[in-house]
Each structure stands twice: as structure tokens, then as C-alpha cells.
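Engineer: Please read through the structure below; I'll follow up with questions.
The values are calculated or read from the model by the stated rules, or taken from the named source; none is laboratory data. Keep in mind the model is a prediction, meaning the values are calculated, not measured. Backbone-built Cβ (ideal geometry, glycine too); neighbour counts: all protein chains shown.
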Amino acid sequence: MKVLQGIKVLDFGRFIAGPFCSALLADYGAEVIRIDRVGGGEDRFIVPVTEQGDGALFLQVNRNKRSMTLDLDSPEGRAIVRRLVAEADVVIANMPPRTLKSLELDYESLCSIKPDIILVASNAFGNNEAVRDRLGFDGVGQALSGAVHIAGTPDQPQKSMVPVVDFATAFSCAFGVMLALYERQRSGSGQEVSASLLCTGLNMASGVLIEEALLGLNRAAMLNRASSYAPSDIFKAKDGWFITQVIGRPMFKRWTQLVGRPDLLDDPRFADDRLRGENGEFLGNVMSAWCKELSQAEAVAKLEQARIPAGPVNSPRQALQDETVQAANLIHWMDYPGAPKQVPIFATPVSLSRTPPEIHTRPPLTGEHTDEVLAGIGYGADDIAALRQRQIV
């Protein structure tokens with residue numbers, strides 16, 4: 001039996017934070033219905049990879065779900081939502097509070113239908129009145145947190161090109177759902193689960209923020225070189241790039257032996273991680289000289305043999321072909337209508353030994369299960385046909 005078998009989730013989420021939260025719940029057995037706009041939500045078509053334009057990230061964050069289309073602005077659409085909510089346990093909607101209220105998806109409205117409902121409502125900046133209705137995406141959360149400032153160079157800040165804040169917010173929301181479900185078993189009451197991109201970004205950048213608050217160092221960006229330990233950077237071998245991170249004296253000792261510079265171990269310039277970070281340019285030059293005649297594979301192998309974390313800098317193509325990635329068995333290949341090849345869907349990041357997650361169905365086409373969902377809440381064939389004719393679904 002799956003962990004969340006019997007839990008019903010309505011997913012009004014868009015982009016990543018909401019949809020990936022519900023995908024994680026679906027991986028563990030929750031029944032998830034994605035509520036799409038008639039014609040498909042805007043998040044479906046970003047970075048299109050199929051004949052009909054389905055987007056790459058959409059495929060990853062919408063596995064294991066059913067999809068129905070619905071005009072949420074119509075009275076008939078609102079009536080359908082109320083019937084769906086009456087049978088649901090969790091509603092996910094990553095929207096500003098004002099939008100939630102206008103769609104009657106705010107916690108108060110949902111509770112009037114089902115008192116023990118759990119609402120998961122992440123947004124950009126949190127629920128304080130001054131910021132709650134402002135819009136923001138992943139990059140804004142990265143930038144406000146200070147993370148973008150310390151990446152790149154002083155002349156060119158650099159955000160992460162993968163949406164780390166969005167995905168981390170989705171994890172927080174899924175964690176919040178589990179807490180709320182657990183608490184509901186004791187109290188019989190639901191509650192609202194809140195998260196924000198800003199709070200997630202601040203947590204992820206907390207180390208540099210705390211350092212700044214206490215020491216006031218006003219650190220500048222140094223590309224990929226770490227500021228608080230060394231050598232830690234991306235280095236160039238003769239046929240490619242690799243990353244390594246040397247942290248702590250025992251690891252630094254092994255590194256000095258590996259690169260043939262044991263004299264550096266007792267050099268006062270490198271007495272601890274902070275000093276090694278401050279003198280990271282020197283140590284990085286030693287490392288670059290060591291690896292310039294080695295292949296990428298040779299450099300990584302020697303570092304791993306010395307028990308120093310290291311790995312190749314893969315292109316997306318190389319990542320899919322990487323021996324370590326393949327050996328970890330983390331890619332689930334699925335057929336999808338309109339896709340030129342099988343789609344790689346990546347495994348649930350957390351597993352359980354006795355009740356593991358499962359990716360069992362491909363992401364849905366727009367409205368693929370509309371008739372099925374409506375029939376499940378009591379609509380007859382003639383009713384469904386009439387709703388289609390009026391473009392309610």
C-alpha cells in the first residue's frame with residue numbers, strides 16, 4: 001500500500017513550486033487532479049519539446065496526474081470546483097492571496113465546503129500585507145536573497161540557470177502537506193500551508209547572510225571560487241572541466257600530498273579554512289598547474305582516490321550519458337504522445353525502503369481526463385456534453 005493512498009489532491013498550481021509539490025505527493029500514491037485552463041495552462045508550453053508544444057519542465061513536474069480543463073471564471077466552473085473540493089483532502093494553488101480569493105480558492109472559502117481541507121498556497125514574497133500580492137519567479141527569489149550577487153563577477157552577477165528556488169519551495173510545500181496531514185489525524189482539522197520563494201532563497205543563502213550580518217565582509221563575486229575554503233573551484237583539464245572542493249585540514253593535507261606540495265600544509269597562509277579561502281587564488285593556481293596535463297577523467301579519478309570530492313562538469317548531453325548517473329538508476333524513460341523519443345523523467349529525490357515512490361503514468365495531455373473526473377463526481381454524459389459546448393470544460 002502506498003503511503004498516501006486514499007489522499008485526494010486538487011492541483012491548481014502553475015510552473016514549478018505548486019505542480020512539483022503535487023507530483024511528489026502523487027509519487028507516493030496520492031490521487032492528483034490537475035486543473036488546466038481550457039486550451040491548456042501557460043506553464044505547459046515553456047521550452048516546447050513535443051509536436052503539440054508540451055514543455056520540458058512541464059513533463060517532469062506533472063507525472064502521475066490526471067488532467068481536466070475548467071473555466072474557473074464561470075459560475076458553472078465554480079460549481080464544479082466546489083464538488084471537487086468536497087471530496088478532496090489537499091488543494092494546491094501557488095498564487096498570491098488576492099488571486100486565491102478572487103477564484104474562491106482561499107482557505108476560508110475552501111473550509112466552508114470542507115472543514116478539514118488543507119490548502120497549500122506558496123507565493124513569491126510571503127503573506128505579510130506589504131508584499132503578499134506581488135508577483136515573482138525563481139530568479140527574483142535568487143536575486144533578492146544575495147545569491148546572484150556572489151555568483152559571477154563583480155561586473156556581471158549570475159543567477160543559477162536551473163530553478164533551484166522553485167524546486168526547493170516545492171519540497172518545502174510537500175513537507176508542509178505531510179505535517180498538516182499528520183496533525184489532522186489528531187485534531188480532525190485542516191490548515192493552510194504557506195511558503196514563499198523569498199523565504200526559500202534566504203534560507204539557501206543563509207550562510208553568506210549570517211557571515212555578512214556578523215562580520216560585515218561585503219564579499220564580492222569570484223566566479224566559481226569559494227570564499228571560505230580552498231582550493232574550491234572549477235578547473236580545466238586538457239580535455240574538459242571538473243569541480244573539486246577541499247574543506248577542512250585532513251582533506252587539505254591529502255590534497256597537498258596529491259599535488260606534490262606537502263610544504264603547503266604548515267604554511268601559515270593556509271592554517272585554516274578561512275585563510276585558505278582568502279588565499280584561494282594561489283591554491284587554485286597550484287591546482288591548475290597540477291591538472292593541466294591530465295585528462296578530465298584522470299584528474300577526477302586521482303581526486304576521488306585521495307577521498308576529495310570531485311566530478312566532471314557535464315553538458316546536458318553528457319549528464320544523460322554519464323556513467324555515475326546511469327549507475328544510480330535515476331532516470332525513468334516514458335513514452336509521451338507527440339514526443340520524438342522517450343521522455344526522461346527523473347526519480348523522486350527521496351525514497352523509502354518499504355513503501356518507495358513510483359512514477360507510473362506519463363504526464364497528462366490537456367484535459368485528457370475531464371470526462372472521467374466529471375463522471376466521478378456525478379455528472380452524466382449529457383451534462384458533460386453541454387459543459388463542453390459552452391466551453392466550461
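Engineer: Here are the criteria: (1) at positive phi; (2) loosely packed, with under 12 Cβ neighbours inside 10 Å. Tell me which single one G367 does not satisfy.
Structural biologist: Condition not satisfied by G367: (2).
Engineer: Evaluate the following for E368: is it in a loop (DSSP other than H, G, I, E, B), in the same structural domain as I35 (by TED's automatic domain parsing) and touching a helix residue (DSSP H, G or I) at 6+ places or on another chain (Cβ under 7 Å)?
Structural biologist: For E368, the condition - in a loop (DSSP other than H, G, I, E, B), in the same structural domain as I35 (by TED's automatic domain parsing) and touching a helix residue (DSSP H, G or I) at 6+ places or on another chain (Cβ under 7 Å) - is not met.
Engineer: Which of the residues spanning the range 126-160 are in a loop (DSSP other than H, G, I, E, B) and of a type in the set (D, E, K, R)?
Structural biologist: E129, R132, D133, R134, D155, K159
Engineer: State yes or no: is C21 over 23 Å from D371 (Cα atoms), at pLDDT 95 or above and within 22 Å of the chain's Cα centre (by Cα)?
Structural biologist: Yes.
Engineer: Run A195 past the list (1) of a type outside the set (V, I, T); (2) closer than 15 Å to L24 by Cα; (3) touching a Cys at 6+ places or on another chain (Cβ under 6 Å) and report the number of the one that doesn't hold.
Structural biologist: With respect to (1) of a type outside the set (V, I, T); (2) closer than 15 Å to L24 by Cα; (3) touching a Cys at 6+ places or on another chain (Cβ under 6 Å), A195 is out only on (2).
Engineer: D263 - would you say it is assigned by TED's automatic domain parsing to the domain that holds Q245, within 35 Å of the chain's Cα centre (by Cα), at pLDDT 95 or above and surrounded by fewer than 17 Cβ atoms within 10 Å (Cβ to Cβ)?
Structural biologist: no
Engineer: Give the residue, chosen from R274, R249, that is within 18 Å of E304 (Cα to Cα) and among the charged types (D, E, K, R).
Structural biologist: Result of the check over R274, R249: R249.
Engineer: I would also like to ask the following. Would you check which residues across the range 161-182 are among the β-branched types (V, I, T) and either farther than 14 Å from A147 by Cβ or assigned to a helix (DSSP H, G or I) (or both) and list them?
Structural biologist: Listed by number, the residues that qualify are V164, V165, T169, V177.
Engineer: Tell me the residue from A88, A170, A147, A124 that is buried (at least 18 other Cβ atoms within 10 Å of the Cβ), touching a Cys at 6+ places or on another chain (Cβ under 6 Å) and either at pLDDT 95 or above or basic (K, R) (or both), please.
Structural biologist: Exactly one of A88, A170, A147, A124 is buried (at least 18 other Cβ atoms within 10 Å of the Cβ), touching a Cys at 6+ places or on another chain (Cβ under 6 Å) and either at pLDDT 95 or above or basic (K, R) (or both), namely A170.
Engineer: Out of all the residues in the range 290-318, which are loosely packed, with under 13 Cβ neighbours inside 10 Å and either within 21 Å of P349 (Cβ to Cβ) or not charged (D, E, K, R) (or both)?
Structural biologist: If the condition is that a residue be loosely packed, with under 13 Cβ neighbours inside 10 Å and either within 21 Å of P349 (Cβ to Cβ) or not charged (D, E, K, R) (or both), then Q305, S315, P316, Q318 are the ones that fit.
Engineer: In addition: When the residues of the range 28-45 are filtered to those that are more than 22 Å from G376 (Cβ to Cβ) and touching a residue at least 24 places away in the same chain (Cβ under 8 Å), which remaining residue is surrounded by the most Cβ atoms within 10 Å (Cβ to Cβ)?
Structural biologist: So, considering only residues that are more than 22 Å from G376 (Cβ to Cβ) and touching a residue at least 24 places away in the same chain (Cβ under 8 Å), the one surrounded by the most Cβ atoms within 10 Å (Cβ to Cβ) is R44.
Engineer: May I pose another question? Does R14 satisfy being under 22 Å from L197 (Cα atoms), buried (at least 24 other Cβ atoms within 10 Å of the Cβ), touching a Gly at 6+ places or on another chain (Cβ under 8 Å) and touching a residue at least 12 places away in the same chain (Cβ under 8 Å)?
Structural biologist: So R14 does not fit the description; no.
Engineer: Can you confirm whether the range 53-69 contains a residue that is surrounded by fewer than 20 Cβ atoms within 10 Å (Cβ to Cβ), out of contact with any strand residue (DSSP E or B) (no Cβ under 7 Å at 6 or more places or on another chain), without any contact (Cβ under 8 Å) to a residue 12 or more places away in the chain and in a helix (DSSP H, G or I)?
Structural biologist: yes
Engineer: Among (1) without any contact (Cβ under 8 Å) to a residue 24 or more places away in the chain; (2) part of a loop (DSSP other than H, G, I, E, B); (3) among the basic types (K, R), where does R388 come up short?
Structural biologist: Single failed check for R388: (2).
Engineer: Any residue in the range 178-186 that is of a type in the set (F, W, Y), modelled with pLDDT of 95 or more and surrounded by fewer than 16 Cβ atoms within 10 Å (Cβ to Cβ)?
Structural biologist: The answer is yes; a qualifying residue exists.
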